[in-house]
1. If you scan the stretch 1-55, which residues turn out to be over 18 Å from the mean Cα position of the chain (by Cα) and surrounded by 15 or more Cβ atoms within 10 Å (Cβ to Cβ)?
2. Going by the structure shown, is residue 42 over 18 Å from residue 2 (Cβ atoms), at pLDDT below 95, touching a helix residue (DSSP H, G or I) at 6+ places or on another chain (Cβ under 9 Å) and assigned to a helix (DSSP H, G or I)?
3. On the given criteria, is residue 92 touching a strand residue (DSSP E or B) at 6+ places or on another chain (Cβ under 9 Å), touching a residue at least 60 places away in the same chain (Cβ under 8 Å) and surrounded by 12 or more Cβ atoms within 10 Å (Cβ to Cβ)?
4. Are there any pairs with C-beta distances below 6 angstrom linking a residue in the stretch 62-73 that is surrounded by fewer than 17 Cβ atoms within 10 Å (Cβ to Cβ) to a residue that is in a helix (DSSP H, G or I) and at pLDDT below 95, with the two at least 6 apart or on different chains, and if so which?
5. Name every residue in the stretch 16-39 that is under 20 Å from residue 88 (Cα atoms) and not in a loop (DSSP other than H, G, I, E, B), in order of residue number.
6. Just checking, how many residues over the stretch 3-39 are under 19 Å from residue 109 (Cβ atoms) and touching a residue at least 24 places away in the same chain (Cβ under 8 Å)?
7. Conditions: (1) over 20 Å from residue 3 (Cα atoms); (2) surrounded by fewer than 11 Cβ atoms within 10 Å (Cβ to Cβ). Residue 80 meets all but one. Number of the miss?
């Protein structure tokens with residue numbers, strides 16, 4: 001499994017980078033972060049101890065549905081759904097079609113590596 005490289009960039013830096021890419025003025029290097037957080041605080045909320053444990057459990061158990069994951073973790077399904085949707089926005093998880101049209105949470109990563117510059 002891969003390690004996801006993440007970075008920290010202000011909204012202005014991220015917008016500039018995105019526009020430069022769209023204009024063809026900048027081509028991201030292959031080893032650059034794929035996911036960007038606006039601050040360390042945001043990253044620490046999304047990748048809290050509890051959420052990292054949840055990601056590890058998804059990797060280990062490959063739950064067949066959100067309901068199964070809720071039962072395994074003891075977390076409310078609605079809370080779990082909100083958490084996973086946030087993680088999905090950052091590319092940390094995705095959902096596959098499970099049995100009976102249920103959504104099964106998945107991740108392609110076994111870890112996260114932070115890249116941060118002071119510019």
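The values are calculated or read from the model by the stated rules, or taken from the named source; none is laboratory data. All figures in this text were calculated on a predicted structure; none of them were measured in a lab. FYI the Cβ positions are ideal-geometry reconstructions off the backbone, even for glycines, and counts take in every protein chain you see.
1. Across the stretch 1-55, the qualifying residues are 13, 17.
2. Taking the combined requirement at face value, the residue does not satisfy it.
3. Working: touching a strand residue (DSSP E or B) at 6+ places or on another chain (Cβ under 9 Å): yes; touching a residue at least 60 places away in the same chain (Cβ under 8 Å): yes; surrounded by 12 or more Cβ atoms within 10 Å (Cβ to Cβ): yes.
Taking the combined requirement at face value, the residue satisfies it.
4. 64/99
5. Keep residues of the stretch 16-39 that are under 20 Å from residue 88 (Cα atoms), which gives 18, 32-39.
Within the stretch 16-39, 18, 35, 36, 37 meet the criteria.
6. So the answer is 13.
7. Going through (1) over 20 Å from residue 3 (Cα atoms); (2) surrounded by fewer than 11 Cβ atoms within 10 Å (Cβ to Cβ) one by one, residue 80 breaks only (2).
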